[in-house]
Structures are given as C-alpha cells and as structure tokens.
Amino acid sequence: MSNFVGREYELGLLNSLTTKKSASLVVIKGRRRIGKSRLAEEFAKNYIFYSFSGLPPHEKTSDLSEREAFNKQLTRYFIKQVPESTDWFDMLWFLAEKSKKGRVVVLLDEISWMGSKDPDFLGKLKTVWDTCFKKNSQLILILCGSVSVWIQKNILSSTGFVGRISLQLTLRELPIDACNKFFNERSNQLSSYEKFKFLSICGGIPRYLEEWQSNISIDENINKMCFHESGILFNEFDQIFYDSISSEADIYRLIILAIVDQPLERQEIFIKLKRAPGGDLSEYLDHLVSAGFVTRDNTWHIKNKKISILSQYRLSDNYLRFYLNYIKPQAKVIRDKKYKVRSLSNLTGWSSIIGLQFENLVLSNREIVFNMLGISRDDVEIDGPFFQRATTKTKGCQIDYLIQTRTSVLYVCEVKFSRNELRLNVIDEMKEKLSKLSIPKGFSCMPVLIHVNGAQDSVFDRNYFFKIIDFSNLLRG
C-alpha cells in the first residue's frame, strides 16, 4: 500500500468518533478514484478491520451474484465458520455477531453495487444495525460508494436511516499542496509549469496521481496514461459514468459536452441540447453536481448579499474536459498505436483549455487563496465565480473569482495561466472588467492577480493590484 497523502481534516472527523460511547454509522461518498476506501483503510489501521465490496455492475450482475460474492468475502476472514445461507439477513447477522466486541471497523464498500439489486437490502441492513451492530459501543460501520445519487436517495434521504448516521463525508479533490507530495523526490527538479500540466489533466484525484512515474518526463507520463490503449485515463471515461451515476450514461455525456468549453446557465444548456426546460434534464444536472463532476456556481447580489436565482454550471472535473477534447477524438488512432503527443502545448486550443483547468484548481483551493490574501475564513461572507447579466442599467460582466467579506471588501480575482510572464495588458483587462462591475456605495474593491509563471516587472511597478499571487509557490518542493 502506498503512503497515505492528505485527508487530515477527514481523518480528524473520523477519529473524533472514537471518543463516543456508542457505535457509529458513517457514510462516505465521492467520485470514482477519489480515495474513499483508502481513507477508511487508513483510519482503521489501529482497529480490527473487515472490508467488503460489491461487484462492479454489468448486464449479468444479479442480487444472487452480489450475495455470493459477499459470502466469499466473509470466508476470507472467518474461513469455515461462514453460514451456508446467502440471505442478507443471515450474512449480516453473522458479521455483526463476529464484530460484537472490541474496536472494530466494518467497511461496506460500493454499497450501491452491493444492494441495488435487492429492494430489501437496506431494510435488512437497518434491522441488523438496530438489533446487533450498534450493541458494540466501539464499532464503526462505514457505508461507502461512488454512486452519490443512489446514496443520497436511499440512505441519506431515507426515513429508515434518519437519526442513525453519525457522520457523512463527501470527498473532494486533494488540495494542491498535497498533490505536490506525489512528485516525491523529483519535486524540486520539476518546474511548476510541468507539474501544472500534469495536474491540469489529473486534478487532485489520488488514484490518477499515483500513476506518476519519476523515471520518465511529464509528457511521457501523460502519453502513457492518456494516449495508449492500456492507459488508465484512456479507459476511464465510460467507467466513470457507468459506476458513478447510472446506466443512463448517454444524457450525462451530452450535458458534459454542452459545458466542456465554458460554464452555462441552465436555460442555455437546454437550448444547446434542444431540450424543453425542466423535467428530467434538470434532475440529471443535479445528479452531475452531486457526483462531483459539475459545480453549480450561484451568483449573488453584492449589496444585500442574497444568492441570486441565476447560476452557471461549470465542468469542474479536469480529467473529463481533457478526455473529451483530446483523448476521445483520437481514440481509434490511439488503439492503432499511431498517436503520440510530443508536447501538450502543440495540442489545438491548449492555451484556452489549460486556462479553464487552472481556474478549476484555484477554485478547488480557496482556503489557500484566503491565506495568501490574509483573509480569515470567518470573515468571508460569500465567494465564487461571479457574473451579472446585461440590463438597461448594467453591463454584462464575468469575474473569475470574487470574494466578498463581512466588512464590505470585494477581492476581485483575475485567474491567468500563461507559459510566459504576464504583461501590462493584464491590468487593462482587469480595468475593463471592473468598469462593468456594479459596485455598491460603501464597498472597497481590491483587484487581485493569480498566476503561475510570473509577471513582468512593469506589472509590479504599476502597483495596481492589491495582491499578485504566484500559485506556483505551492508546487515548489
């Protein structure tokens, strides 16, 4: 097992359960490869640990095959003592009986795979929890899965589990300083630009980052992972949707394609897909948000701090955007072993794509931005990408990232990714945006520049920006 990186906050929450005087039921959800079961394993390393996983679904998977697989996993721990019956009641009661004493963690991984074929599975699990599992005050039962929609509907929103769940965690991507640790001994040898290229594809997904090989270059790593038919990221896309959302994957793909190049409002997505407003499409959008692939960014009214009904849907998963732009169009050539990328910079539209990817990385690391600006989290009233529609009184405006504090200060952040140092025109671009932004009376406005590869001395000499943040500092050894 590789060294465990990050997740200090989540481990702290799990460890806090050990001070309780009663058993704990925990739910962990998040997209495929995000490290849910790995987190459970790390937490349980000082416990008696029993780990079970559902079978990956395919057209012939049945409730019987899921039960038989669970029974065989019981045999791994208890050898000849396992009951012959594969009824969920019998197997769960047996497991509860074996877990009735001591510090025990039981992990039911990919719970939706395990139980979705049997409408009575969760009812049986609830009964065994109430009558057996929770009698061990030191026991922690973890339900884990990638199908966030199923977990939300059948467990978190189910009346059967109300009042029983001690902790629910949704795992997000690792922060950028934790991602840097995956480059291990090569960290000080690689430029920040090279690291950002890798992260622009992998994001903060631990399983992807683990594929990094220190004995080859960044571009060779990317070619091996993305542009070879056996590469983990070449084959990942279809599996993500099948495992993480549902078998109705086609409509989810269409939505992702609609927003792959820019964030869109819900109505704009309907128009682009030529679908009527509301109905199933709205539900599918919500599912993508719940699964962690898409983020819904609500704009707001600066003066009264109220959330607007207007929002945009942003593709916040870096891998999906890279796949749809560069891997999928070349899939046949890649399978024929005739495709190799010498440099990502040569890819069509790469400068625009990496700009969007960099914005995602910044927005996923907001706490770091707060620290760099010297802002306390408690002082932040509201933050996020901001936009205002053009009206007869106001101009249309889009801000990469806006932070509004309780003391009526607006930090207007321009997020720029460039291979070269930024020039003076970045100031003109910021001035143009601020001229359109409706700033209420009594508010202070602080322009902020967030970049990677530096800015020319002339940009600093103008002393225009309140703060110029070099995000690459987070990736320097």
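Would you call Ile302 more than 25 Å from Gln152 (Cβ to Cβ) and either surrounded by 15 or more Cβ atoms within 10 Å (Cβ to Cβ) or acidic (Asp, Glu) (or both)? It is true that Ile302 is more than 25 Å from Gln152 (Cβ to Cβ) and either surrounded by 15 or more Cβ atoms within 10 Å (Cβ to Cβ) or acidic (Asp, Glu) (or both). Applying the criterion of being touching a strand residue (DSSP E or B) at 6+ places or on another chain (Cβ under 6 Å) and not in a strand (DSSP E or B) to the residues of segment 395-417, the residue that is modelled with the highest pLDDT is Arg406.
The condition of being free of Cβ contacts under 8 Å to residues at least 12 places away in the same chain, under 21 Å from Glu41 (Cα atoms) and among the charged types (D, E, K, R) holds for only one of Lys72, Lys80, that being Lys72. When Ser51, Ser37, Ser24 are checked against the criterion of being in contact (Cβ under 8 Å) with a residue 24 or more places away in the chain, at negative phi and buried (at least 19 other Cβ atoms within 10 Å of the Cβ), a single residue qualifies: Ser24. Please determine whether any residue of segment 277-298 is more than 22 Å from the chain's Cα centre (by Cα) and part of a helix (DSSP H, G or I). Scanning segment 277-298, I find at least one residue that is more than 22 Å from the chain's Cα centre (by Cα) and part of a helix (DSSP H, G or I), so the answer is yes. The set of residues from segment 430-444 being exposed (fewer than 13 other Cβ atoms within 10 Å of the Cβ) and either touching a residue at least 60 places away in the same chain (Cβ under 8 Å) or outside any loop (DSSP other than H, G, I, E, B) (or both) comprises Lys431, Glu432, Ser435, Pro440, Ser444. Look at (1) at pLDDT below 90; (2) closer than 16 Å to Ser112 by Cα and you find that Asn3 fails only one, number (2).
Looking across segment 156-186, just one residue is closer than 20 Å to Ala40 by Cα, in a loop (DSSP other than H, G, I, E, B) and more than 19 Å from the chain's Cα centre (by Cα), and that is Arg164. If you scan segment 455-465, which residues turn out to be touching a Leu at 6+ places or on another chain (Cβ under 8 Å) and surrounded by fewer than 16 Cβ atoms within 10 Å (Cβ to Cβ)? The answer is Gln456, Ser458, Arg462. Looking only at residues that are hydroxyl-bearing (Ser, Thr, Tyr), at pLDDT below 80 and part of a loop (DSSP other than H, G, I, E, B) in segment 213-255, which one is nearest to the chain's Cα centre (by Cα)? Per the criteria, the residue is Ser246.
Within segment 196-207, is even one residue assigned to a loop (DSSP other than H, G, I, E, B), surrounded by 15 or more Cβ atoms within 10 Å (Cβ to Cβ) and touching a Cys at 6+ places or on another chain (Cβ under 6 Å)? Yes, there is a match, as at least one residue in segment 196-207 is assigned to a loop (DSSP other than H, G, I, E, B), surrounded by 15 or more Cβ atoms within 10 Å (Cβ to Cβ) and touching a Cys at 6+ places or on another chain (Cβ under 6 Å).
The single condition from (1) aliphatic (A, V, I, L, M); (2) modelled with pLDDT of 95 or more; (3) in contact with a helix residue (DSSP H, G or I) (Cβ under 7 Å, 6 or more places away or on another chain) that Leu422 fails is (2). Cβ separations smaller than 8 Å between residues 6+ apart or across chains give the following pairs from segment 457-470 residues that are within 17 Å of Asn365 (Cα to Cα) to residues that are part of a loop (DSSP other than H, G, I, E, B) and of a type in the set (A, V, I, L, M): Asp470/Val452. Among the residues of this structure, Leu11 does not count as one that is in contact with a Leu (Cβ under 8 Å, 6 or more places away or on another chain) and crowded, with 20+ Cβ neighbours inside 10 Å. Taking segment 134-148 as the range and being buried (at least 24 other Cβ atoms within 10 Å of the Cβ) and farther than 30 Å from Glu236 by Cα as the test, the residues that pass are Leu139, Ile140.
All conditions in (1) part of a loop (DSSP other than H, G, I, E, B); (2) more than 22 Å from Phe196 (Cβ to Cβ); (3) charged (D, E, K, R) hold for Asp383, with the sole exception of (1). In segment 61-82, is there at least one residue being surrounded by 15 or more Cβ atoms within 10 Å (Cβ to Cβ), in the same structural domain as Val147 (by TED's automatic domain parsing), within 22 Å of Lys21 (Cα to Cα) and within 32 Å of the chain's Cα centre (by Cα)? Within segment 61-82, none of the residues are surrounded by 15 or more Cβ atoms within 10 Å (Cβ to Cβ), in the same structural domain as Val147 (by TED's automatic domain parsing), within 22 Å of Lys21 (Cα to Cα) and within 32 Å of the chain's Cα centre (by Cα).
Evaluated against (1) surrounded by fewer than 16 Cβ atoms within 10 Å (Cβ to Cβ); (2) at pLDDT 90 or above, Glu283 falls short on exactly one condition, (2).
The values are calculated or read from the model by the stated rules, or taken from the named source; none is laboratory data. Values in this document were obtained by computation on a predicted structure and should not be read as measured data. When we count neighbours, we look across all protein chains shown, and the Cβ atoms used for this are built from the backbone with ideal geometry, even at glycine.
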